[in-house]
1. Being within 19 Å of Ile321 (Cβ to Cβ) and either charged (D, E, K, R) or within 18 Å of the chain's Cα centre (by Cα) (or both) is the filter here, so list the residues in the stretch 288-307 that pass it.
2. Filter the stretch 442-451 for residues that are of a type outside the set (Phe, Trp, Tyr) and surrounded by 12 or more Cβ atoms within 10 Å (Cβ to Cβ) and give the result.
3. For the stretch 455-483, what are the residues that are in contact with a Leu (Cβ under 8 Å, 6 or more places away or on another chain) and among the basic types (Lys, Arg)?
4. How about the stretch 293-337: which of its residues are part of a loop (DSSP other than H, G, I, E, B) and either under 29 Å from Ile212 (Cβ atoms) or without any contact (Cβ under 8 Å) to a residue 40 or more places away in the chain (or both)?
5. Return the total of residues in the stretch 164-204 being of a type outside the set (D, E, K, R) and closer than 21 Å to Leu251 by Cβ.
6. Within the stretch 194-224, which residues are under 22 Å from the mean Cα position of the chain (by Cα) and among the charged types (D, E, K, R)?
7. Applying the selection to the stretch 49-86, what residues are hydroxyl-bearing (Ser, Thr, Tyr) and either open to solvent by 70 Å² or more (accessible area, probe 1.4 Å) or not in a helix (DSSP H, G or I) (or both)?
8. Among the residues of the stretch 470-495, count how many are part of a helix (DSSP H, G or I) and touching a residue at least 24 places away in the same chain (Cβ under 8 Å).
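The values are calculated or read from the model by the stated rules, or taken from the named source; none is laboratory data. This one's a predicted model, so the numbers in the text were calculated from it and none came from an experiment. We place every Cβ from the backbone using ideal geometry, glycine too, and count neighbours over all the protein chains shown. For the accessible areas, the whole protein counts, side chains as well, though only heavy atoms, and no ligand, DNA or RNA atoms are used. Shrake-Rupley method; radii C 1.70, N 1.55, O 1.52, S 1.80 Å.
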Amino acid sequence: MTNLGDYQRKLRARAKKSLFDDASSATTSAEILRRARKFLTVEMKFIKMAHHSPSVGGVMTCRMRSAVTDVIVEFIWERTIHALHAAGAGGRPISVVAVGGYGREMMSPHSDVDIRLLYPGGSGVFDIALKELIADFQQCLFDLKLQLAHGVNTVSEVLTLANGDNETKTTLINARFICGDERAFDELKKRYDRECMKGRENEFLRMRQADIAERHGKHENTPFVQEPHVKEGCGGLRDYQSIGWMAYAKLRVTSLKDLIEHGMITRAGWREMEEAHEFLLRVRNEMHYVEKREHDRLTLRLQGVIATNLGYRHKTMLRRIEVFMREYYTHTRNILQRSNEVMDRFHLQSVEEAAVPRRILGIPLPGKRARPEKFDGFISKNARIYADHDRIFKEEPARLMRLFRHTQQRHLRLSPELFQLVQDSFRLIDQSFRYLKENRETFESILSQKGDVARVLRQMHRVGFLGKYMPEFGALTLLVQHEFFHRYTADEHTLRTIDRLDELSGATKDKRLE
């Protein structure tokens, strides 16, 4: 097997021989189930073997499972329609559509099979015979022990649902036709953007950002917890997916790679996201196989098992877990940082779009808006700090340290462009930089700011500057501690301690900048 296309062609050939050759012989539910169960068992065993091969990654495993599910759904539906015609009630223009994770072709071993049966127009005629056959179709999938999530709607109904429920709206972004009559699916694709997205893009972005904030709050607002949630946690799979949904709403693109052309992410940033996505899916797939159910929390009990099964061969189990979890935290950190970068660009773009017509018409802008300010080679606007030009750090490396003093004094965040420029300037942080008196004094002044030290140190740490300037802290970065009382990695534990010291100082700080 060299690629997904080869696998799908061979899969279809096997399905044609095992399932579809003799359409008339599988007329009873028992025969339909027997054929489907046998085919499903063989294919899923093959995928599990492929998953444990170094040449098959997490994305490939999920796409293979989605392809097998497509074949099974199509087979069951064709037999349902065959029975419907035999009963004299055929000819119904129903589209069988995959949505959500199934629509994205990202199915882990125990993911839901999320399906919508769509009827064109605004009112479908769901007579008794059709309802019974749809029920038989769904029951067959349940009997195959597929985790079915389903709905039966007209196109107008599902679009109305989407405009009243943002989760439904989100799942329809990745809607994919499986089988049946294509008319309803074609109608959905034509109407979806016009009725659900056009003019509501910024509302959708705000909703997704609110969802991310709420979800992160449930997971301690950090990826570096002792037992991370692979799907819903900070920097998890849901964050990766959220950027894709935002990209569709704002730019009508479905691939994160398209964000490079739109200037929303660098090619290096996109590669980081893709590598992290690949890694997390592989981990999640293994967790599902080990637990034999949908299980997405990487518990202490599972960490050693997963590390061993994924090929970490260090002598002691503790060392194996340490290396595996450090890699896990690296990837979740990358997803979190890059997704925050893209979201910030979308947000700033929306701010500019809202301001332009008001400036043209001379209408006062809402709220208190400070004018851009230039200082020390930097510019502040929209509560962010930007570089005046790309050579500011080459001209004067000490600005790398002064940058963070400016963010502390003016309550600013790094702009996405400046974040990248700092990372591109790490080679300037050498021994002479560390021992320069000016830099030491600037750093001491940051540490002396009562009540606002941890926030700035986090900025330094997120961009990677703190570990470069203090190699001792760099050694703590993403370090796993095998102790009951250490709920976080060593670097996160240290920063949270400083958070508490800030709180004990009694000084107030701006939570919006955290």
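1. Glu291, His295, Asp296, Arg297, Leu298, Arg301
2. Thr442, Ser445, Ile446, Gln449, Gly451
3. Arg455, Arg458
4. Within the stretch 293-337, Arg293, Glu294, His295, Asp296, Leu298, Thr299, Leu310, Tyr312, Arg313, His314, Lys315, Thr316 meet the criteria.
5. Counting residues in the stretch 164-204 that are of a type outside the set (D, E, K, R) and closer than 21 Å to Leu251 by Cβ gives 14.
6. Arg200, Glu201, Glu203, Arg206, Arg208, Asp211, Glu214, Arg215, Lys218, Glu220
7. Ser53, Ser55
8. Matching residues across the stretch 470-495 total 3.
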